[in-house]
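Here's the structure, in structure tokens; my notes come after.
The values are calculated or read from the model by the stated rules, or taken from the named source; none is laboratory data. On a predicted model such as this, the values are computed, not experimentally measured, just so you know. Cβ coordinates were reconstructed from backbone atoms using ideal geometry, including for glycine residues, and neighbour counts include every protein chain displayed.
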Amino acid sequence: MKTVKLMKLSSVMAVLKAEPLTNEAESDLTGCYISDLLSDVLAHANPGMLWVTIQTHRNVISCALTKDIGTVLFTCGRKPDPAVVAEADAEGIVLLTTKQTTYEAAGKLWEAGLR
Amino acid sequence: MNATVEKDNGTRQTAVLQQSGGDQCFKFSRPCPELTADAAAAHNAVAIKLGNSTIAMTMSDGTPTDTGVTAGKPLKVSVAQVLIYELRVRDAMTRPPVTAGPGDSLRTLQHLMKSHRISGVPILQDGAPVGLVSIEDIINALDQGHINEPAARWMTRNIVTLRDHFSLVRAVAEFDRHGFGRFPVLNSASELVGVITRGDITSCLVQHLEKRAEEVAAREAAQTTGQANDSELAEPVVLRAEVKAGDYDSAGKVSQRMRQILRMRGVDPDIQRRAAIVAYEAETNIIIHSIGGDLSVAVTPGKVVIEATDRGPGIENIELAMQEGWSTAGPLARELGFGAGMGLPNIRKCSDQFEIKSEMGAGTRLYSEVLLHKAVPPPQEKRP
């Protein structure tokens, strides 16, 4: 049996000094998946996870929707086009950005207990 | 019309964006419950007519605003905002463009503008745009007395052009960036094909919104005669969309629409996801690897049938293509996060029934079935 440790969106944001790009509704994250390849996310990520990526194209939203991923974090200070942010907002997907690299973000999330 | 929008409830919120994003290419088996998007369109059409050019202006930064949306209404992105991303410069521009040669006098141009009721004329030399004379140039010429001199001497030379495939939202951004009143429009072969002004953009939007408003009126009338009931919800629905090569921006529209239908029918979320992955991967395969094709999704009470056909070039070695990690995606696709070489393997894993046929030069046909009721164990999640 795998125990899932949930982490609040607000604590994730605090840990990563992440800035919200969309409306942020508090939610529980069930885990984290890191990948910049969409098919890989479709195959391996689970619903409710935090998805960490440097991809900012519109396809990220489609992919997140397909997998019921509610929160996407862009690292290295990346930000998608306003059109993409608007779409995410309309679909209820929370987009975050952090200046930290993917590696730093992953380390901090693991340390903070998102497993 | 307004009343219909105001009566909207929150549950229809997602329907709005998806329907409005897709109904240019989707064909439904019957006009079913997505009244809202069109009602919103009707609502926006009114708003647009009242506050003309500000709409295009507010769009430019892409932020959702109150444009055409009543405060407190659940809509976050209005139909007008979606349209401005969907419509292209070629949909709005004036064509064919009225042009002149560098030797023509400003006086000649003044008459051209007057007779065609336009505010600027591109100057062509050997078929290529070399400059532009605007109504401001004419006014200056009249003021300073050089109205009879040739255009070549007074035209603006370093002109900025737009491409006809640009989205209107990009065009609006260019208007804001440069402050020009008009842009000559070139096609992919760099030939001048039209001229676009801010006014062209606004009238194009109004025209499209009006069309939607008329459609909703027709549907409202139809609805009062035959109310939808639960048994109708279980009727087969077919979604069909043309998929264009390289159109990465549209990827996922069909699968999102399908998810919506499956959700409405109370299908198990895991099965919804599997069907969505099949549709999404099949669609992106056409976008990335083919010269264009079609995606069709049929939702019946028992299963979802997803068929993707393209017109070529075909898969040289299907066995290889079915292997995880094998990909022939180009650099752009890879940059956008595609081309992991997992598309077909993902589709196979998520399907209850899967078939692919390909012939070089003729194209590829992919067939997948996802059963809606059979309890199928979810695909084994393998962590790399």
**Request:** Name every residue in the stretch A:85-109 that is in contact with a helix residue (DSSP H, G or I) (Cβ under 8 Å, 6 or more places away or on another chain), farther than 24 Å from B:Ala275 by Cα and in a helix (DSSP H, G or I), in order of residue number.
**Result:** A:Ala86, A:Ala105, A:Lys108, A:Leu109
**Message:** Within the stretch B:359-377, does at least one residue satisfy the condition of being surrounded by 15 or more Cβ atoms within 10 Å (Cβ to Cβ), within 13 Å of another protein chain (Cβ to nearest Cβ) and closer than 22 Å to A:Leu37 by Cβ?
**Reply:** no
**Prompt:** Restricted to the stretch A:25-39, and to residues that are over 18 Å from A:Arg78 (Cα atoms) and in contact with a helix residue (DSSP H, G or I) (Cβ under 9 Å, 6 or more places away or on another chain), which residue is modelled with the highest pLDDT?
**Reply:** A:Cys32
**Item:** In the stretch B:121-174, the residues that are surrounded by 15 or more Cβ atoms within 10 Å (Cβ to Cβ), of a type in the set (Gly, Ala, Ser) and farther than 25 Å from B:Leu87 by Cα
**Value:** B:Gly131, B:Ser134, B:Ala141, B:Ala151, B:Ala152
**Message:** Considering only the stretch B:101-117, I want to know if a residue exists there that is at pLDDT 85 or above, under 26 Å from B:Leu205 (Cβ atoms), out of contact with any Leu (no Cβ under 7 Å at 6 or more places or on another chain) and among the β-branched types (Val, Ile, Thr).
**Reply:** no
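Results for (1) within 18 Å of the chain's Cα centre (by Cα); (2) at pLDDT 85 or above; (3) more than 28 Å from B:Glu335 (Cβ to Cβ); (4) not assigned by TED's automatic domain parsing to the domain that holds B:Gly343, shown as yes or no for each residue.
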| residue | (1), (2), (3), (4) |
| --- | --- |
| B:Ala213 | no, no, yes, yes |
| B:Val238 | no, yes, yes, no |
| B:Arg273 | no, yes, no, no |
| B:Ile277 | no, yes, no, no |
| B:Ile288 | yes, yes, no, no |
| B:Ala298 | no, yes, yes, no |
**Message:** Going through A:Ala106, A:Ala90 one at a time, which residue ends up being surrounded by 14 or more Cβ atoms within 10 Å (Cβ to Cβ), among the hydrophobic types (A, V, I, L, M, F, W, C) and under 11 Å from A:Leu50 (Cβ atoms)?
**Reply:** A:Ala106
**Request:** Considering only the stretch A:1-81, give the strands (runs of 3 or more DSSP E) lying wholly within it that have at least 1 residues that are surrounded by fewer than 18 Cβ atoms within 10 Å (Cβ to Cβ).
**Result:** A:32-34
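Just checking, which of B:Ser351, B:Ser327 is at pLDDT 90 or above and either within 14 Å of chain A (Cβ to nearest Cβ) or surrounded by fewer than 13 Cβ atoms within 10 Å (Cβ to Cβ) (or both)?
Unique residue meeting the criteria: B:Ser351.
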